[in-house]
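Single-structure report; data block below.
The values are calculated or read from the model by the stated rules, or taken from the named source; none is laboratory data. Treat the numbers as computed from the prediction; the structure is a model and nothing was measured. All Cβ positions, even for glycine, are placed from backbone atoms using ideal geometry, and neighbour counts span all protein chains on display.
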């Protein structure tokens, strides 16, 4: 689920980058539409960075704490990360 969201987000970021670049060439970097796309792109990049950071943290936590109780709490973190990603994606659109 997290990987699918991250991949979709990465594709979306690439589409926004291309759109922003093309629009900036035609209208200039100070055009309101270019600025809006840039701001939306910033949000998407920040969300992707959070996904990567949280995934790395989760991976470290799972390898560091291997007993059942600790792994369970790491899995709880996994669920909350997924919920945060979905909420932030909805808010950014």
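Residues to consider are 9, 41, 23; find the one that is part of a helix (DSSP H, G or I) and either touching a strand residue (DSSP E or B) at 6+ places or on another chain (Cβ under 9 Å) or under 23 Å from residue 57 (Cα atoms) (or both). Quick ask: steps written out before the conclusion?
Values: 41 fails: either touching a strand residue (DSSP E or B) at 6+ places or on another chain (Cβ under 9 Å) or under 23 Å from residue 57 (Cα atoms) (or both); 23 fails: either touching a strand residue (DSSP E or B) at 6+ places or on another chain (Cβ under 9 Å) or under 23 Å from residue 57 (Cα atoms) (or both).
Every option except 9 fails the conditions.
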(message) Cβ-Cβ distance below 8 Å, separation of 6 or more or different chains: which pairs start in segment 1-23 with a residue that is free of Cβ contacts under 8 Å to residues at least 24 places away in the same chain and end on one that is outside any loop (DSSP other than H, G, I, E, B) and surrounded by 11 or more Cβ atoms within 10 Å (Cβ to Cβ)?
(response) 19/37; 20/34; 20/37; 20/38; 20/41; 23/33; 23/34; 23/37
(request) State yes or no: is residue 41 surrounded by 13 or more Cβ atoms within 10 Å (Cβ to Cβ), touching a helix residue (DSSP H, G or I) at 6+ places or on another chain (Cβ under 6 Å) and modelled with pLDDT under 95? (result) no
(request) Provide a single number: the residues in segment 26-38 that are part of a helix (DSSP H, G or I) and over 27 Å from residue 5 (Cα atoms). (result) 3
